[in-house]
Amino acid sequence: MTMKVISTEKAPGAIGPYSQGYEAGGFIYTSGQIPIDPSTGAIPEGITAQAEQSCKNIGAILEAAESDFKNVIKTTCFLANMSDFAAFNEVYAKFFVSKPARSCVAVKELPRGVLCEVEAIALA
């Protein structure tokens, strides 16, 4: 099986020893995307803006792999506070219109103090 690293300047660079994504075995695996604007390095305020930026970052990685949101089959979402669940879902639903399988959990803390992180698995 061949593996291909996915990399794009349209999503934030890794802030640790990992890749933005990989394509292997007909699937695309993205690393978790936090809401960093890749052009400025800024993190927007509030769950709505952060969810949107995290989803845009996933979209950029999918695009770099010549795929898109309609090919996503599974996501994992991390929230710093489960009280943001409804607001997060409103934004998430605009991007993941095919309603992929999903896990969404609250975690104690996320990198850089952000409110959400999203990762995805898609068909290549």
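The values are calculated or read from the model by the stated rules, or taken from the named source; none is laboratory data. Remember, predicted model here, so these are calculated numbers, not experimental data. Reconstructed Cβ throughout: ideal geometry from the backbone, glycine too, with neighbour counts over all protein chains shown.
Per-residue answers, yes or no, for (1) modelled with pLDDT of 95 or more; (2) assigned to a loop (DSSP other than H, G, I, E, B):
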| position | (1), (2) |
| --- | --- |
| A14 | no, yes |
| S19 | yes, yes |
| S39 | yes, yes |
| A42 | yes, yes |
| E52 | yes, no |
| I73 | yes, no |
| D84 | yes, no |
| K99 | yes, yes |
| E117 | yes, no |
Of everything in segment 36-48, what is farther than 21 Å from A93 by Cβ and surrounded by 21 or more Cβ atoms within 10 Å (Cβ to Cβ)? Give them in sequence order. I36
Scanning segment 1-43 residue by residue, the ones that are free of Cβ contacts under 8 Å to residues at least 40 places away in the same chain and of a type in the set (V, I, T) total 3
Quick one: which residue in A124, A101, A120 is small (G, A, S) and under 13 Å from the mean Cα position of the chain (by Cα)? A120
Based on this model, can you work out whether R112 counts as touching a strand residue (DSSP E or B) at 6+ places or on another chain (Cβ under 9 Å), within 26 Å of V5 (Cβ to Cβ) and charged (D, E, K, R)? no
Just to check your reading of the model, which residue among S103, S54 is in contact with an Asp or Glu (Cβ under 9 Å, 6 or more places away or on another chain) and of a type in the set (S, T, Y)? S54
Here are the criteria: (1) of a type outside the set (A, V, I, L, M, F, W, C); (2) closer than 20 Å to I43 by Cβ; (3) surrounded by fewer than 19 Cβ atoms within 10 Å (Cβ to Cβ). Tell me which single one P100 does not satisfy. (2)
Quick one: in segment 7-35, which of the residues that are of a type in the set (A, V, I, L, M) and surrounded by 22 or more Cβ atoms within 10 Å (Cβ to Cβ) is farthest from K74 (Cα to Cα)? A11
Only one residue in A51, A60, A80 is surrounded by 13 or more Cβ atoms within 10 Å (Cβ to Cβ), within 15 Å of V114 (Cα to Cα) and under 10 Å from the mean Cα position of the chain (by Cα). Which one? A51
